[in-house]
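The values are calculated or read from the model by the stated rules, or taken from the named source; none is laboratory data. Computed from a prediction, not measured in an experiment: that's the story for all the values here. FYI the Cβ positions are ideal-geometry reconstructions off the backbone, even for glycines, and counts take in every protein chain you see.
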Amino acid sequence: MIDPELWQLLQDSLWPIVRGGLVGTIPLTVISFVLGLVLALGVALLRLSRNPFLTWLARAYISVIRGTPLLVQLFVIFYGLPSIGLLIDPWPSAIIAFSLNVGGYAAEIIRAAILSVPRGQWEAAYTIGMSPREQLARVILPQAARVSVPPLSNTFISLVKDTSLASLILVTELFREAQKIAAFSQEFLWLYTEAAVVYWGFCTVLALGQDRLERRLDRYVAH
């Protein structure tokens, strides 16, 4: 049975932890994901380019991002760059690191989604006089978006959990709030468990939203 004082501590700490998620974790996730998607689209188009150098450049970026831990990338930006005169505050450092990471993983998702669009769609758009840019924007990307929703949604949910690493560079978010309360109360097991439950709650809500979005998009796909 939980000690009454411990139970009171958990009740008192719940809102600060949830608030840390609402004002720290979720904004950090959304901003990083949006910027990462923009970067990913550019990298995916470079991967599909006929220019060998641009293709190599995109491959190299993806290889570095996917081949190194996110924590190391975060530390290189926040702790490493100041050694060459680039001092970046915690929040921008976290956003840069997470955006670059999302860009590396999402680029391959977007590239695969673009390649999944039948070649006939490109040819039909060309036949009616669309430029390559118009073909991409008005025909190919809308179809590719439907294909990429499930894996990109999984990337978004994973990013929610990955933002806990930002606590290591003193960004105030969900896990950082739990750390501060645990350090004061010395109840590490219970406070970290409470933080885990809050993360689980956020991810469950997002997963339900993902399912609803997928069903909505599925209405527009011929079976």
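A few points about this structure:
Per-residue answers, yes or no, for (1) more than 19 Å from LYS161 (Cβ to Cβ); (2) part of a helix (DSSP H, G or I):
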site	(1), (2)
LEU45	yes, yes
LEU57	yes, yes
ALA60	yes, yes
LEU86	yes, no
TRP91	no, yes
PHE98	no, yes
ARG111	yes, yes
GLY129	yes, no
GLN135	yes, yes
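- Among residues of the range 106-133 that are closer than 24 Å to ILE62 by Cβ, those with a Cβ under 7 angstrom from a residue that is part of a loop (DSSP other than H, G, I, E, B) and not aromatic (Phe, Trp, Tyr), sequence gap 6+ or separate chain, pair up as ARG111/LEU48; ILE114/LEU48.
- Within the range 16-31, residues that are touching a residue at least 40 places away in the same chain (Cβ under 8 Å) and closer than 15 Å to GLU194 by Cα have Cβ atoms under 7 Å from residues that are of a type in the set (Asp, Glu) and in a helix (DSSP H, G or I) in these pairs: PRO16/GLU177; ILE17/GLU177; ILE17/GLU194; GLY20/GLU177, counting only partners at least 6 apart in sequence or on another chain.
Results for (1) more than 18 Å from the chain's Cα centre (by Cα); (2) closer than 26 Å to LEU213 by Cα; (3) among the hydroxyl-bearing types (Ser, Thr, Tyr), shown as yes or no for each residue.
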| position | (1), (2), (3) |
| --- | --- |
| PRO90 | no, no, no |
| GLY104 | no, yes, no |
| ALA113 | no, yes, no |
| MET130 | yes, no, no |
| ARG133 | yes, no, no |
| ALA144 | yes, yes, no |
| SER148 | no, yes, yes |
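- Residue check for VAL64: assigned to a helix (DSSP H, G or I), closer than 22 Å to SER158 by Cα and at pLDDT below 95: no
- Within the option set VAL171, VAL139, VAL205, being of a type in the set (A, V, I, L, M), part of a helix (DSSP H, G or I) and in contact (Cβ under 8 Å) with a residue 12 or more places away in the chain holds for one residue only, VAL139.
- Counted residues, the range 45-76 - those being more than 19 Å from THR25 (Cα to Cα) and either among the acidic types (Asp, Glu) or surrounded by 12 or more Cβ atoms within 10 Å (Cβ to Cβ) (or both): 18
- Candidates SER158, SER148, SER99, SER93, filtered to the one that is buried (at least 20 other Cβ atoms within 10 Å of the Cβ), among the polar types (S, T, N, Q), free of Cβ contacts under 8 Å to residues at least 60 places away in the same chain and within 21 Å of ILE65 (Cα to Cα): SER148
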